Amino acid sequence: MSSSTTLPLVDLQGVSKRFGAQPPPGVVGRTLRRLGWSKPPMVTHAVDGVDLAVRPGEVVGLVGESGCGKSTLGRIAAGLLTPTEGHVQVDGQPLHDLDGDARLAARLRVQMVFQDPFASLNPRLRVSRIVGEAARLHGLTDAAGEDDYVSAQLQRAGLDPALRHRYPHQFSGGQRQRIGIARALAVQPKMLVCDEAVAALDVSIQAQILNLFMDLRDELGLAYLFISHDLGVIRHLCDRVAVMYLGRVVESAPVDELFARPNHPYTRALLAEIPRIDQRRTAFNTIRGEIPSPITPPSGCHFHPRCPQAFERCSKEVPTLRGIAIHHASACHLNDAA
Amino acid sequence: MNWRRGFNEHSIWWRVAADFLRSRVAIAGLAVLALVALAALAAPWITPQNPYDLMQLDVLDARLKPGTPSSAAGFTYWLGTDGQGRDLYSAIVYGLRISLLVGIGSAAIAAVLGTGIGLLAAYAGGKVDAALMRLVDLLLSFPTILMALMILAYVGKGVGNVVLTLVLLEWAYYARTARGQALVETRRDYVEAARGQGIPPWRILSGHILPNCLPPLLVIGALQIARAITLEATLSFLGLGVPITEPSLGLLISNGYQYLLSNEYWISFFPGVALLATIVAINLVGDQLRDVLNPRLQR
Amino acid sequence: MSDAEVPTLELRDLQTRFHTRDGVLPVVDGVSFTLARGKVLGLVGESGSGKSVTGFSIMGLVDPPGRVEGGQVLFQGRDLLQMSNAERRALRGDRIAMIFQDPMATLNPVLRVDTQMIETVQAHRSVSTTAARKQAADTLALMGLSNAGERLRAYPHQLSGGMRQRVAIAIALLHGPDLIIADEPTTALDVTIQAQILSEMQKLVAARGTSLIWISHDLSVVAGLADEIAVMYAGRIVEHGTVDQVLDDPQHPYTQGLIGSLPSANLRTQRRGERLRQIPGMAPNLLQMPEGCAFAPRCARASAACATRPEMTSPRADAPGHRVRCFHLGPVAAEASA
């Protein structure tokens, strides 16, 4: 593990993201609201005060279920969304201070691999253009060398370069995902954000792509922010894991530590509920209730309505993410009582 | 082309063409259109007379029945003559020229203009989008003929002015469709990926989004050509389109209107048939194009 | 189960083919199995294996260009394929029900939940609307939905994904069918919701003696729920046995490869971060199937014998129920990882 004195590649500090917020209404708007003729907009609190850092060469896993904000956080890390609050630093420099070429360079440093292999490639463009366009545009290769450059990227992603003049619809899901990876690699990033990149693939193809990720990490020293709901994959691939629930990080720890000694009740429930191949005809453990909507999150600790160990402080006060062991942080009031 | 390759290995346009050609009706429509286009192009060579050249007309030959030989020039008026002695066959072929020029020309210019505005509105969003779309709504809410008459009354007659009028009225259809389609495409992952790779917005619009918006625009384009031709014919029929000395199909029909009841039907009838055939052919082609390009009907 | 008892479902050599522009696809190519009363069969395979189409073929829901072209589907002794459309319709929804992956395939978005459920009840029994509504409410309560009255008055879009799926399952259960075919119903749901639904299905099956076919690509889900597992590849069943037999002692190379690709399965045999064992090659192209064994191109054990199509045999004398379609049986032994 890299020492904590190494400068993180991407550092998210106090990042929040809200969708649907509008500026406060004027007199007319307020009157309409009081009359009941207009309603305040529904604001989705997708991400709520998250700190996350990824160091060079590190594989950080982000785990959670729907509505937890992991995809949104991933896009903020990749520069595709700007946070409503908080700072994003790439290579030590705050993103919003940069402009022009520096901003472009920062953007290229972190690339994203998307979940849906069918929607992430433009169906009307040939693979050679999809992979090579940005590299050519930004001067990473010139007109003469473009073809070889594209072939090299495809080969690195495990695809036969002879296929580069075909269209995306002629490839299978796993192959398309490789094209997406080649496209990301073509701009020579230092970090990949994988947003459920293997979720849509068959198990046997999933294994191939995961192996590819590991090979690229070894060959190119890439860092990863690996977003997934699949704890088995996370456990295999990642160095560190952060568990999210409804926009907040509830626990973060090195991966072995998290699986051996989960602290937060949500993490515990999540781990208990994943079906495992060696559990036959079991009675499934369940936590009651549905995942609340991120538009109207519960007060205090977001998890308290479903938590089997909730007590009255949980509905009133938001627990802070605090260290409970070395490199292991958890946001739960139960830790205070101990 | 390697026919032995599987269907899916060809580019999307090849597959569209192959699907299109499955309908015999559409092939018939396409054949008629090809014939019309060829006739229009080859007009000076396949007609015995230039109907726009007043020197070649013989007023004494006015309103002759179909099949009458001409008195002086030495050819037969296969479709008869109109009130000014024009050979109707020549007049129809030259009239088709004007119809196609106006129809395709206005549709093409309106397509470029409308698509550009629609894409801009979709990508810019917010106030720009709202303003442009309100303009579109305005244009589309007025009855077309009324608007055309007003514009033509202001700018005057002539083929160029007719094209201008049609462009002004038609761009809105393209804009609305292009914007709708672009809105859908802008949210897709591949556009986000392009942004993440630092590709500038104008390039994303033209190189990534536009190619995916083309199918519905093509369908609209095909059907708009028919609409433009009809509109031009209507305007000419009303006397506001092309000048009298260079009649289009609409003006020919109009000219012959007064003679219908006196049994000299051919002056309106044959231009009418020609117009009908062209419009129906375009509609058949447009319908098949729409079915072929409809993503839900695709296998 | 006594020999005199007729099994709920018996498939004999079912064949379904798709006649496409490019050729004829043998999507279901001679599938046979027997399902006794109250038992759960897990039908496992990846995309293109034909598992979903098998389910549709049993229900008679295969759309052109697909056609069921051979074999027998014996439901409680009667061949469904020989029945008239009217007889099949009488059985569907009443004695045999299907649950789809997307609950919106079952639910009409413009109708309220109670309308749809009452409609299903009255399609097979002549009861009053009040009685039908009560039956609907009772079934929803069985699925663990509190506040059944409110749920009934809602439209599908007002419910979360997990609730919609529970409503869809409740619709399937309204008449207490003897056979339920579930096509990946929990694949799109979160782990916690999935656990709840699996738990409810378990209880229901145990209480009513319903037979269940659970179609999935996820071996771990099937491990917890099923009594028997059938693994499909390229339209054929390649291995069939009890859940313990198939998962603890897989005989077919494909089954071994599938289990080996799972990251969680690897934890016992490999260290974290090492390459997963992957199955080489890609999913088979049904248009260009090899003569003989469909898996041969990707199989490490393939030999000249594989040019003939293997039949299902029982490799172990002490486990006659465990059948495999392979000439080269035996445990994984000393195969090098891919």
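Values quoted throughout were computed directly from the atomic coordinates according to the rules given, and no laboratory measurement underlies them. Because the structure is predicted, anything quoted here is derived from the model rather than measured. Methodologically, a virtual Cβ is constructed for each residue, glycine included, from the backbone with ideal geometry; neighbour enumeration extends over all protein chains shown.
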Checklist outcome for this item: The farthest towards the positive end of the charge dipole of chain B, of the residues B:Ser70, B:Val167, B:Tyr265, given +1 on Cβ of Lys and Arg and -1 on Cβ of Asp and Glu, is B:Val167
Item to check | Using alpha-carbon coordinates, inclination of helix C:129-142 to the longest axis of chain C, degrees | outcome: 40 degrees
Checklist entry - Hey, rough spin-label estimate for C:Arg208 and B:Gln258, points 7 angstrom out along Cα→Cβ, what's it come to in nanometres? => result 8.4 nm
Next on the checklist: What aspartates and glutamates does B:Lys157 reach when the alpha-carbon gap must be under 15 Å and sequence neighbours fewer than 8 apart in one chain are set aside?
Outcome noted: B:Glu232, B:Glu246
Checklist entry - Cα convex hull of the stretch A:175-223: how many Å³ per residue? => result 68 Å³
Checklist entry - Hey, what angle do you get for helix A:127-137 against the long axis of chain A, alpha-carbon based, 0 to 90 degrees rounded to 10? => result 90 degrees
Item to check | Prolate/oblate/rounded call for the stretch A:1-62, Cα gyration tensor, a/c under 1.5 rounded | outcome: prolate
Next on the checklist: I want the local charge near C:Gly292. Using Cβ-Cβ distances under 13 Å, sum +1 for each Lys or Arg and -1 for each Asp or Glu among the other residues.
Outcome noted: 0
Checklist outcome for this item: Heads up, the stretch B:197-299 by the C-alpha gyration tensor (a ≥ b ≥ c square roots of eigenvalues; a/c under 1.5 rounded, else a/b over b/c prolate, else oblate) looks oblate
Item to check | Counting all C-alpha pairs of the stretch B:244-299, share separated by more than 13 Å (%) | outcome: 67 percent
Checklist outcome for this item: Note on chain C: the mean projected area of its alpha-carbon convex hull, in nm², is 19.3 nm²
Next on the checklist: Need one number: the % of Cα-Cα pairs in the stretch C:130-219 sitting beyond the 18 Å mark.
Outcome noted: 43 percent
Checklist entry - How much net charge surrounds C:Asp29 when only other residues with a Cβ under 9 Å from its Cβ are counted (Lys, Arg +1; Asp, Glu -1)? => result +2
Next on the checklist: Principal axis extents for the stretch A:42-128, Cα atoms only, whole Å, descending order, please.
Outcome noted: 40, 35, 32
Next on the checklist: Sort A:Leu140, B:Leu251 by Cβ crowding within 10 Å, fewest neighbours at the top.
Outcome noted: A:Leu140, B:Leu251
Checklist outcome for this item: Taking only the Cα positions of the stretch B:50-209, the convex hull volume per residue in Å³ is 164 Å³
Checklist outcome for this item: Along the stretch B:183-197, Karplus-curve 3J(HN,Hα) (6.51, -1.76, 1.60; θ = phi - 60°) to the nearest Hz, with x for Gly and Pro, reads 4, 5, 5, 4, 7, 7, 4, 5, 6, 4, 4, 5, 5, x, 8
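Loop-only trypsin sites (Lys or Arg not before Pro) in the stretch B:14-73, please: DSSP not H, G, I, E or B, and at most 12 other Cβ atoms within 10 Å.
Loop-located and lightly packed - B:Arg22.
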Checklist entry - How many nm is it between the label spots at A:Ala152 and B:Phe142, if each spot is 7 Å from the Cα in line with the beta carbon? => result 6.0 nm
Checklist entry - Any idea what log10 I(q)/I(0) is at q = 0.06, 0.10 Å⁻¹ for chain A, Debye with uniform C-alpha scatterers and no solvent? => result -0.25, -0.67
Item to check | For the stretch B:29-139, convex hull of alpha carbons as volume per residue, Å³ | outcome: 154 Å³
Checklist entry - Using alpha carbon centroids, what distance separates the stretch B:115-145 and the stretch C:88-134, in Å? => result 45 Å
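222 nm [θ] for chain A, helices only, -39500 (n - 2.57) per DSSP H run of 4+, per residue, to 500?
Theoretical 222 nm ellipticity from helices: -9500 deg cm²/dmol.
Report the Rg/Rh value for the stretch C:176-236, based on alpha-carbon coordinates and the Kirkwood definition of Rh.
Here Rg/Rh amounts to 0.96.
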Item to check | Net charge, C:Phe75 excluded, C-beta distance under 15 Å - Lys, Arg +1, Asp, Glu -1 | outcome: +2
Checklist entry - Hey, what D do you get for the stretch A:52-184 in µm²/s if you plug the Kirkwood alpha-carbon radius into Stokes-Einstein at 10 °C and 1.306 mPa s? => result 96 µm²/s
Checklist entry - For the protein assembly as shown, what Kirkwood radius comes out of the mean inverse Cα-Cα distance, in Å? => result 33.0 Å
Item to check | Cα pair distances of the stretch A:234-322 binned at 5 Å [whole percent] | outcome: 3, 12, 21, 23, 19, 14, 7, 2, 0
Checklist entry - By how many degrees, 0 to 90 and rounded to 10, does the Cα axis of helix C:191-208 deviate from the longest principal axis of chain C? => result 80 degrees
Checklist outcome for this item: quick note, chain C, DSSP beta bridge pairs, % antiparallel (nearest 5) is 60 percent
Checklist entry - If you average over every viewing direction, what projected area does the convex hull of the Cα atoms of the stretch B:12-297 give, in nm²? => result 17.9 nm²
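Counting each DSSP H run of 4 or more residues in chain B as -39500 (n - 2.57), what helix-only mean residue ellipticity at 222 nm follows after dividing by all residues, to the nearest 500 deg cm²/dmol?
-22500 deg cm²/dmol
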Checklist outcome for this item: Hydrodynamic calc, the stretch B:147-248: Kirkwood Rh from Cα pairs, then Stokes-Einstein at 37 °C with viscosity 0.692 mPa s, so D in µm² s⁻¹ is 206 µm²/s
